[in-house]
Amino acid sequence: MDGQALRPTASWENGTLAPVDRLRAERADSPTPGLVEGTEPGAGQKSAMFVHAQSFEDLTAEAEEEARRDDELDKSGECAEELKVLVGEKTIEEQRNNSISSESRSKEEDVSSEAWRSHRKHVFVLSEAGKPIYTRYGTEEALSSTMGVMMALVSFVEAEKNIIRSIHADGCKVVFLTKSPLVLVGVSRTCQSDKELLRELQYIYYQIVSLLTLTQLNHIFQHKQNYDLRRLLAGSEYLTDNLLHRLDRDPGLLLSAVTCLPLASSARDVVSSSLQAAKAKNLVFSILLAGDRLVTLVRKKDQFLHHIDLHLVFNLVGSSSSFREGEGWTPICLPKFNTAGFFHAHISYLEPASELCLILVSTDREDFFNMSDCKQRFLERLSKRSAYQALKEALKCPTYSVAQVGIPELRHFLYKSKSSGLYTSPEFPEVYHSDEEQERLMGLYQDLHSCLHHPTRPLRSFYRCSETENLLAWVTSGFELYLCFSPLGTKALAVSAVNKLLKWIRKEEDRLFILSPLTY
Amino acid sequence: MSAMRVDAKVVMLGKESVGKTSLVERYVHHRFLVGPYQNTIGAAFVAKPIQVGEKVITLGIWDTAGSERYEAMSRIYYRGARAAIVCYDLTDSSSFQRARFWVKELQNCEEHCKIYLCGTKNDLIEGDRSLRQIDYHDAQDFAEEIGAQHFETSSKTGNNVDELFQKVAEDYNNTAFQYMTAEETGIDLGQKKDSYFYSCCHNN
Ligand SMILES: Nc1nc2c(ncn2[C@@H]2O[C@H](COP(=O)(O)OP(=O)(O)OP(=O)(O)O)[C@@H](O)[C@H]2O)c(=O)[nH]1
Ligand SMILES: [Mg+2]
């Protein structure tokens with residue numbers, strides 16, 4: 001693993017941050033306990049809504065295990081050599097399928113151009129036979145020989161009883177994820193660790209599975225090894241494009257958590273119980289979204305949704321205006337729940353121009369009118385109990401300003417309650433208004449996240465100064481916290497801010513989190 | 001709008017991007033959305049009341065996704081349909097092949113479903129005749145052969161769109177008038193016991 005590349009010129013300190021113990025002592029009689037999982041601010045009162053996952057570790061464990069079994073391949077120079085040889089030979093011929101028109105894709109781009117090469121992060125998906133399935137930039141056709149090379153590389157190393165995990169060359173990192181029958185390749189110029197890149201590839205893998213199910217994927221490729229999967233994925237590329245965009249920008253994907261629409265708990269409880277009452281035999285999950293924020297989630301007793309599956313649903317709904325046309329009814333596989341089969345989702349907005357989108361997930365594909373009926377019952381109950389108005393009011397301020405916390409040097413933060421799988425974060429302040437600045441800040445958080453979750457040397461806390469901002473990250477068994485301060489702040493200040501912030505979150509928790517999730 | 005009544009199930013079928021969603025948008029919302037094409041995911045349902053003579057008939061329109069990915073699912077969308085609008089793009093001959101596929105499928109599985117063959121994007125042809133890939137008469141011959149109505153429409157200009165759906169509703173009204181007995185037609189979606197699919201199978 002490469003730790004060095006991660007850390008640019010910024011001065012930083014690590015190791016135990018002294019105040020941890022001091023905080024713990026204070027917490028005993030402070031209103032902000034929370035070093036114990038389940039008592040941190042934002043922890044649900046009864047049961048969690050999500051599958052209980054050791055979040056990040058859970059996600060990458062699989063890939064790591066695979067890698068651990070085999071010798072680490074540390075011969076990057078040799079590999080690059082190999083790559084050159086293979087390019088010359090062009091081992092795998094391209095085979096076009098005329099029925100696929102890629103003209104409609106707006107990402108037409110000359111793959112030999114400098115612009116194409118200079119993208120920060122490329123992602124490729126191919127079949128084990130080396131057939132192109134997806135590329136983030138450019139078209140798959142134009143890249144089929146490149147993909148062939150990648151595949152040859154993968155199988156060459158596999159034949160030697162090794163598995164390629166990554167190749168580092170020329171400021172560029174190439175990461176491989178083999179998930180039979182698919183092979184995913186990430187090529188990155190960012191300073192993300194291999195582990196982070198693998199995590200992103202996993203998401204892309206799950207995105208594809210959610211459209212087809214793993215059973216169907218396996219079946220197809222057992223049947224016909226060199227099947228062109230783009231036939232079946234036609235028209236879904238933008239879902240993957242959007243997911244990649246979210247991976248760069250959405251803290252929820254980084255934290256393995258979901259954020260909520262700030263809403264008075266009394267109003268949220270009415271919404272939840274109205275959804276709870278609108279149940280049906282085959283209904284498994286009822287999810288109400290406001291844009292990218294969860295309003296509430298009601299689930300069948302004993303059935304849990306995994307945050308990855310929920311993010312896939314968010315991505316599906318958020319990427320498509322198609323559900324605005326009427327009531328949508330679509331098969332969807334929730335791969336963390338079950339890779340073998342489809343659920344059927346009734347997806348509709350509460351009003352044509354509303355942000356509020358209701359998703360009712362059923363096990364029965366003939367359930368459309370039952371779900372439509374559930375929605376009607378939900379709406380009736382909601383307006384009868386006049387919660388709809390409160391909800392619409394809340395939509396007007398879906399975010400909050402960091403100024404509310406009352407710590408002048410604090411610019412931004414991410415706080416995740418581990419037991420509820422929910423996080424909260426204020427809107428970006430003025431200094432991070434541009435897209436580039438926001439992505440840069442997300443990049444910094446990603447770095448911190450990598451350090452806290454380092455596979456061999458994980459840190460409990462981490463303070464880092466740079467010319468543009470000071471950052472503090474802290475993980476306990478109850479929460480994960482990332483803070484961004486103005487560069488004028490000091491470490492002592494940062495440390496005292498943590499306490500103040502935790503108190504504030506505790507005070508606001510019933511508005512910012514879902515404390516009493518319901519089941520039916 | 002609590003309980004919604006649907007009299008006739010209508011399904012839109014055809015290759016991806018032939019313009020099924022645009023057709024429904026034009027008919028239901030009287031608009032044509034420009035901007036990047038958004039393929040339908042799964043299917044979308046919308047109920048639309050339409051005046052036929054003295055009566056109001058509510059069409060329950062299923063706008064299906066053209067992507068092959070959903071082909072296995074298509075049965076649930078066309079089962080029990082009284083009308084199928086099978087679309088092809090006048091400027092894309094491969095879409096006509098796909099239309100033939102859907103016609104065959106309907107003939108095999110849904111014999112009571114009336115077929116409406118619809119050539120879309122007529123406005124493109126008006127602009128440039130050389131774009132036409134499906135001859136009007138060839139399509140007309142095919143329609144006659146299968147006993148279907150034939151339309152050429154444009155969702156962009158609205159040309160022939162209302163006429164198409166009006167015809168669907170009138171045909172439904174006529175056959176309903178012929179075949180329906182004492183049983184009042186229509187399915188109350190707010191009703192719990194009587195599931196929609198059950199009623200459909202009954203009607204056929
Ligand atoms: N010029 C013109 N363009 C049209 C017309 N109808 C549809 N289009 C365009 O064709 C593209 C596809 O239209 P859709 O209505 O989304 O196609 P669809 O059949 O619903 O596609 P799927 O949902 O993928 O099955 C869009 O870019 C539309 O703008 C038309 O009448 N004239
Ligand atoms: Mg469509």
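The values are calculated or read from the model by the stated rules, or taken from the named source; none is laboratory data. Quantities reported herein were computed from a predicted structural model and do not represent experimental measurements. We place every Cβ from the backbone using ideal geometry, glycine too, and count neighbours over all the protein chains shown. Side chains included, ligands, DNA and RNA excluded: accessible areas come from the protein's heavy atoms. Shrake-Rupley method; radii C 1.70, N 1.55, O 1.52, S 1.80 Å.
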Select from the stretch A:314-331 the residues that are among the hydrophobic types (A, V, I, L, M, F, W, C) and within 8 Å of chain B (Cβ to nearest Cβ) and list them in ascending order.
A:LEU316, A:PHE323, A:TRP329
Does B:LEU59 count as within 16 Å of ligand 1 (Cβ to nearest atom) and in contact (Cβ under 8 Å) with a residue 60 or more places away in the chain?
no
So B:LEU13 ticks every box in (1) open to solvent by 10 Å² or more (accessible area, probe 1.4 Å); (2) touching an Asp or Glu at 6+ places or on another chain (Cβ under 9 Å) but one. Which box is left unticked?
(1)
A:ASN470 vs. criteria crowded, with 23+ Cβ neighbours inside 10 Å, under 16 Å from A:PRO408 (Cβ atoms) and touching a residue at least 12 places away in the same chain (Cβ under 8 Å):
yes
Taking the options B:LYS48, B:LYS9, B:LYS15, B:LYS104, name whichever one is more than 8 Å from every other protein chain (Cβ to nearest Cβ), of a type in the set (Lys, Arg) and farther than 19 Å from A:TRP329 by Cα.
B:LYS104
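Residues are listed down the side, and each one gets a yes or a no for (1) away from every other protein chain (no Cβ under 12 Å); (2) assigned to a helix (DSSP H, G or I); (3) over 30 Å from the mean Cα position of the chain (by Cα); (4) surrounded by fewer than 17 Cβ atoms within 10 Å (Cβ to Cβ):
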residue: A:ILE347; (1), (2), (3), (4): no, no, no, no
residue: A:SER354; (1), (2), (3), (4): yes, no, no, yes
residue: A:CYS357; (1), (2), (3), (4): yes, no, no, no
residue: A:LEU360; (1), (2), (3), (4): yes, no, no, no
residue: A:ASN370; (1), (2), (3), (4): no, yes, yes, no
residue: A:ARG377; (1), (2), (3), (4): no, yes, yes, no
residue: A:ARG381; (1), (2), (3), (4): no, yes, yes, no
residue: A:ALA390; (1), (2), (3), (4): yes, yes, no, no
Answer from A:LEU395, A:LEU488, A:LEU472, A:LEU483 - the residue that is hydrophobic (A, V, I, L, M, F, W, C) and in a loop (DSSP other than H, G, I, E, B)
A:LEU488
Note on the stretch B:1-21: residues near ligand 1 (Cβ under 8 Å from one of its atoms) and under 28 Å from A:CYS374 (Cα atoms) are B:MET12, B:LYS20, B:THR21
Strands (runs of 3 or more DSSP E) wholly in the stretch B:49-162 with at least 3 residues that are among the aliphatic types (A, V, I, L, M) and at pLDDT 95 or above - which ones?
B:83-89
Inspect all residues belonging to the stretch B:28-46 and state whether any of them is open to solvent by 10 Å² or more (accessible area, probe 1.4 Å), away from ligand 1 (no atom under 14 Å from the Cβ) and part of a strand (DSSP E or B).
no
Take the stretch A:223-237 and flag every residue that is free of Cβ contacts under 8 Å to residues at least 24 places away in the same chain and open to solvent by 20 Å² or more (accessible area, probe 1.4 Å).
A:HIS223, A:LYS224
Would you check if A:GLU196 is assigned to a helix (DSSP H, G or I), more than 14 Å from chain B (Cβ to nearest Cβ) and at pLDDT below 90?
yes
Do any residues in the stretch A:246-264 that are open to solvent by 10 Å² or more (accessible area, probe 1.4 Å) have Cβ atoms under 6 Å from those of residues that are assigned to a loop (DSSP other than H, G, I, E, B), where the two are at least six apart or on different chains, and which pairs are they?
A:PRO251/A:SER425
Being at pLDDT below 90, within 16 Å of A:THR363 (Cα to Cα), outside the structural domain of A:LEU444 (by TED's automatic domain parsing) and in contact with a Phe, Trp or Tyr (Cβ under 8 Å, 6 or more places away or on another chain) is true for just one of A:LYS301, A:LYS336, A:LYS279. Which residue is that?
A:LYS301
The residue that is most open to solvent (accessible area, probe 1.4 Å), considering only those in the stretch A:314-342 that are touching a strand residue (DSSP E or B) at 6+ places or on another chain (Cβ under 9 Å) and assigned to a helix (DSSP H, G or I), is A:ARG324
Number of the condition not met by A:HIS311 [criteria: (1) more than 11 Å from chain B (Cβ to nearest Cβ); (2) over 18 Å from the mean Cα position of the chain (by Cα); (3) closer than 22 Å to A:ASP250 by Cβ; (4) surrounded by 18 or more Cβ atoms within 10 Å (Cβ to Cβ)]
(2)
Would it be correct to say that A:VAL295 is surrounded by fewer than 23 Cβ atoms within 10 Å (Cβ to Cβ) and outside the structural domain of A:ILE204 (by TED's automatic domain parsing)?
no
Is it true that some residue in the stretch B:78-92 is surrounded by 19 or more Cβ atoms within 10 Å (Cβ to Cβ), at the interface with chain A (Cβ under 8 Å from one of its Cβ atoms), more than 12 Å from B:ALA8 (Cβ to Cβ) and hydrophobic (A, V, I, L, M, F, W, C)?
no
May I ask you to list the residues in the stretch A:491-520 that are within 27 Å of the chain's Cα centre (by Cα) and assigned to a helix (DSSP H, G or I)?
A:VAL498, A:LEU501, A:LEU502, A:TRP504, A:ILE505, A:ARG506, A:GLU508, A:GLU509, A:ASP510, A:ARG511, A:LEU512
